[in-house]
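Structure first, then comments.
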Amino acid sequence: MPDSLQRIVIVGATSSIAEHCARLWAAKGGVAFTLVGRDAARLERVAADLHVRGAGSTVTVRTADFSDPRAIRALADAVVAEGMPHQVLIAHGSLPDQQQCQRDLDAACEALDVNGVSPVLFAEAFAGHMEPVGGVITIIGSVAGDRGRRSNYVYGAAKGLVTRYAQGLQHRLAGSGSALKVVLVKPGPTATPMTAHLPQRGLAPVEQVARLIVDGANAGKPVVYAPGKWALIMMVIRHLPAVVFNKMNI
Amino acid sequence: MVKVSSWGRLDSHEHDLVPLADRDQAVRAVAGGRGLPQGNARSYGDVCLNPDGRLWRMTGLDRFIAFDPGTGRLRCEAGVLLRDIQRMSIVHGWLLPVTPGTQMITVGGAIANDVHGKNHHVLGSFGDHVLQLRLARTDGRVIDCGPDLEAGWFAATVGGMGLTGVIVEAELQLRRVAGPWLVTDTVPYRNLDEFFQLADTSEAGWEQTVSWVDCLSGIGRGLFFRANLAAIPDRGAESGRKPKRVPFVPPVSLVNGLSLRAFNETYFRANTLKAGYAVAHFEKYTYPLDNLHDWNRMYGPRGFYQYQSVVPRAAGQAAIQAMLAAIKASGQGSFLAVLKTFGDRTSRGMMSFPRPGVTLALDFPNRGAQTAALFERLDAIVRDAGGRIYAAKDARMPRDLFESGYPRLAEFLQYRDPGISSAMSRRLIGS
């Protein structure tokens, strides 16, 4: 594999947001993609698509168990052994049913794991390799992680975990003077298969969100709200006093 | 249930909208289901609507499967937009042979409506370049078909309005091009005689021919546009235009008698002044309205109709003259008025619209009974001339005109998927 290719690793590569980010990177050409996911058949389809889109790009796919810390470690080691990534995008997740999480602790546990613990472990595994040489790790959090709300606080708690983790990792890297950057993306509600069952009004187009993520990742920005209006909205929501906030049905 | 309307925005109805995201899921969702596949919903009328029923939204099936830059053969999922194909393939020196006036439609929609473009006399319609397609039926069958494979299924599905099954993927033959640039020529004409002369003399040397006709002039004056792809050194590729958007629906149509008269006069004069040769990027020249998002809002809250007919060449000039006279007398019409000759080739699809002759397409703001009355006069002219109306644009043609315009209807109905139904099929076929 030529060294001139930009090495991009995408964890959760079959997610709609990740796929659209990959297309934007592929359009520039000259990318060596490693796509990581759970479903080999779906990964192969995304890979075929990127292969057509990305002139001069290569695509490798890998499957992994996303809930097993050892598997995550082994995967990061194996990917890095093929060449140090320039970019890692961690994009997997699922939108759980809040009501079901309240009734069924297994569902709550799985939601916390897939949206919080698993992305953090992937980031930690890659950060260990990349801290000495630099690069960018982009983690997709959510505006839901900015303040717990009755409508989706299990999901929000998992994304809040990702937020605190990213802050801590950024703090650690700043202290060590590493050239590794960590980008925390907080998308608002986005039109993807994950939200297909919700009213589509007010959902951001996935292409727009992907564009903001890729621009933010390429620039190494610490925090990216996507679309940008959510930075303002969430600042207000975070600062609302509880007496007001608790009266809101959000 | 969500409200869905088509591009003409005549009304909106509740639909059970089911977004599909990949081809396996699509086949599973269709098997045993009842509904209608919908692409990017750019059809004007009711061919893409299924009020109170299910819509399988196909735009999530937007992956390329394989492309060979040596042969120009592309396999892709049915929800891929023509725009995305063109932007991918132009890098390798290939483009779609046939596209309509917008790139913002899906491959499945382009096949189901067997769309055509300005180069029909050279390259035919979209279906002429489909090598194979995969159809998912509601009885669970998956049928691969092409011009030489299950040819009946293929001929029924090309131009089949989505009624033969759900197209989940297709293989297309792209065409070699020297680059993205066109040499264009604009020639004003004063009447229909001049239009037909221009059409006859241009078809041999020009691959793209189309014209804008001033529908209020009554005499058929207009502007004839012709263009050829050309090997021109790259001018910095990207046309680099920032898209604009019609930001809201105005309370009344911005297209009305007053604005139209002023627009047509200005448009004719301005283009007459700058008539002659020019060089243009294919995207800018071929799809000018793709850069004005939501332009369909201009027609106000009541929406608009498009009336596109084709009449045989022998009866063509008299029929076009009669239609223009009827439009002028009604005081209705729009600046999107397109007059074009089709080449002498038979389309592959049983229900394809293009046929040898001359086609006239016009937008009309919806003014209720007044507009309906005009359409009845136009229908009579089309009927007498032995012509047909384009289903992809239609929301109101009478059933007898559909039946007389599409003589292979009975043959087509043998391939119908009984689980698939649209507002149009219920209106024109009865189920």
Practice problem: Filter the range A:175-212 down to the residues that are without any contact (Cβ under 8 Å) to a residue 12 or more places away in the chain and within 14 Å of chain B (Cβ to nearest Cβ), then identify the one that is most open to solvent (accessible area, probe 1.4 Å). | Solution: A:Arg201
Quiz item: Which members of the range B:2-35 meet the condition of being assigned to a strand (DSSP E or B), touching a residue at least 24 places away in the same chain (Cβ under 8 Å) and within 13 Å of B:Gly53 (Cα to Cα)?
Solution: B:Val4, B:His13, B:Glu14, B:His15, B:Asp16, B:Leu17, B:Val18, B:Gly35
Quiz item: Of everything in the range A:213-232 that's under 13 Å from the mean Cα position of the chain (by Cα) and part of a helix (DSSP H, G or I), which residue is nearest to the other protein chains (Cβ to nearest Cβ)?
Solution: A:Val214
Quiz item: B:Glu403 is checked against (1) under 22 Å from B:Ala136 (Cβ atoms); (2) surrounded by fewer than 21 Cβ atoms within 10 Å (Cβ to Cβ) and fails just one. What number does that condition carry?
Solution: (1)
Exercise. Working carefully through the options A:Thr60, A:Thr34, find the one that is open to solvent by 40 Å² or more (accessible area, probe 1.4 Å), part of a strand (DSSP E or B) and among the hydroxyl-bearing types (Ser, Thr, Tyr).
Key: A:Thr60
Exercise. Check whether at least one residue in the range A:87-95 is open to solvent by less than 70 Å² (accessible area, probe 1.4 Å), outside any helix (DSSP H, G or I), without any contact (Cβ under 8 Å) to a residue 60 or more places away in the chain and within 20 Å of A:Phe66 (Cα to Cα), and report yes or no.
Key: no
Exercise. Looking for whichever is more than 10 Å from every other protein chain (Cβ to nearest Cβ) and in contact with a Ser or Thr (Cβ under 7 Å, 6 or more places away or on another chain) here; the options are A:Arg70, A:Arg7, A:Arg38. Which one fits?
Key: A:Arg38
Quiz item: What are the residues in the range A:96-116 that are open to solvent by less than 60 Å² (accessible area, probe 1.4 Å) and under 30 Å from A:Gly134 (Cα atoms), if any?
Solution: A:Asp113, A:Val114, A:Asn115, A:Gly116
Quiz prompt | Boolean, B:Val279 is of a type in the set (Val, Ile, Thr), modelled with pLDDT of 90 or more and surrounded by fewer than 17 Cβ atoms within 10 Å (Cβ to Cβ) | solution = yes
Practice problem: Give me a count of the residues in the range B:41-98 that are more than 11 Å from every other protein chain (Cβ to nearest Cβ), among the charged types (D, E, K, R) and part of a loop (DSSP other than H, G, I, E, B). | Solution: 3
Quiz item: Of everything in the range B:1-26 that's open to solvent by less than 40 Å² (accessible area, probe 1.4 Å) and within 13 Å of another protein chain (Cβ to nearest Cβ), which residue is nearest to A:Leu198 (Cα to Cα)?
Solution: B:Val18
Quiz item: Which residue, of B:Asp400, B:Asp363, is farther than 28 Å from B:Ala151 by Cβ, at pLDDT below 95 and not in a loop (DSSP other than H, G, I, E, B)?
Solution: B:Asp363
Self-check item: A:Val59 being free of Cβ contacts under 8 Å to residues at least 40 places away in the same chain, in contact with a Leu (Cβ under 6 Å, 6 or more places away or on another chain), under 24 Å from B:Met88 (Cα atoms) and among the aliphatic types (A, V, I, L, M)
Solution: yes
Exercise. Mind telling me which of the residues B:Glu207, B:Glu169, B:Glu203 ends up being among the charged types (D, E, K, R), open to solvent by less than 40 Å² (accessible area, probe 1.4 Å) and under 17 Å from B:Asn119 (Cβ atoms)?
Key: B:Glu207
Quiz item: Under 6 Å by Cβ, and 6 or more places apart or on different chains, what pairs join a residue from the range B:307-327 that is under 17 Å from B:Phe353 (Cβ atoms) with one that is at pLDDT below 95 and not in a helix (DSSP H, G or I)?
Solution: B:Tyr307/B:Leu362
Practice problem: Using the structure shown, decide if A:Gly29 is within 11 Å of chain B (Cβ to nearest Cβ) and out of contact with any strand residue (DSSP E or B) (no Cβ under 7 Å at 6 or more places or on another chain). | Solution: yes
Exercise. Return the only residue of A:Arg172, A:Arg149 being away from chain B (no Cβ under 14 Å), open to solvent by 50 Å² or more (accessible area, probe 1.4 Å) and either touching a Ser or Thr at 6+ places or on another chain (Cβ under 9 Å) or part of a loop (DSSP other than H, G, I, E, B) (or both).
Key: A:Arg172
Quiz prompt | Single match in B:Thr346, B:Thr359 (criterion: free of Cβ contacts under 8 Å to residues at least 40 places away in the same chain and either of a type in the set (Val, Ile, Thr) or over 28 Å from B:Pro188 (Cβ atoms) (or both)) | solution = B:Thr346
Quiz item: Between a first residue in the range A:101-113 that is closer than 21 Å to A:Ile72 by Cα and a second residue that is among the aliphatic types (A, V, I, L, M) and open to solvent by less than 90 Å² (accessible area, probe 1.4 Å), which pairs have beta carbons less than 6 Å apart while being 6 or more apart in sequence or on different chains?
Solution: A:Ala111/A:Val154; A:Leu112/A:Ala158
Practice problem: Determine whether the range A:39-53 contains at least one residue that is small (Gly, Ala, Ser), in a loop (DSSP other than H, G, I, E, B) and either more than 20 Å from A:Gly128 (Cβ to Cβ) or out of contact with any Gly (no Cβ under 8 Å at 6 or more places or on another chain) (or both). | Solution: no
Quiz item: Considering B:Arg226, B:Arg297, B:Arg261, which residue is within 15 Å of B:Tyr189 (Cβ to Cβ), outside any loop (DSSP other than H, G, I, E, B), of a type in the set (Lys, Arg) and open to solvent by 30 Å² or more (accessible area, probe 1.4 Å)?
Solution: B:Arg226
Quiz prompt | Members of the range B:73-115 that are touching a residue at least 60 places away in the same chain (Cβ under 8 Å), among the charged types (D, E, K, R) and open to solvent by 20 Å² or more (accessible area, probe 1.4 Å) | solution = B:Arg73, B:Arg75, B:Arg83
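The values are calculated or read from the model by the stated rules, or taken from the named source; none is laboratory data. Please read these numbers as outputs of a predicted model, since none were measured by experiment. Note that each Cβ is placed from the backbone with ideal geometry, even for glycine, and that neighbours are counted across all protein chains shown. The area values use the complete protein model at the heavy-atom level, side chains included, leaving out ligands, DNA and RNA. Shrake-Rupley method; radii C 1.70, N 1.55, O 1.52, S 1.80 Å.
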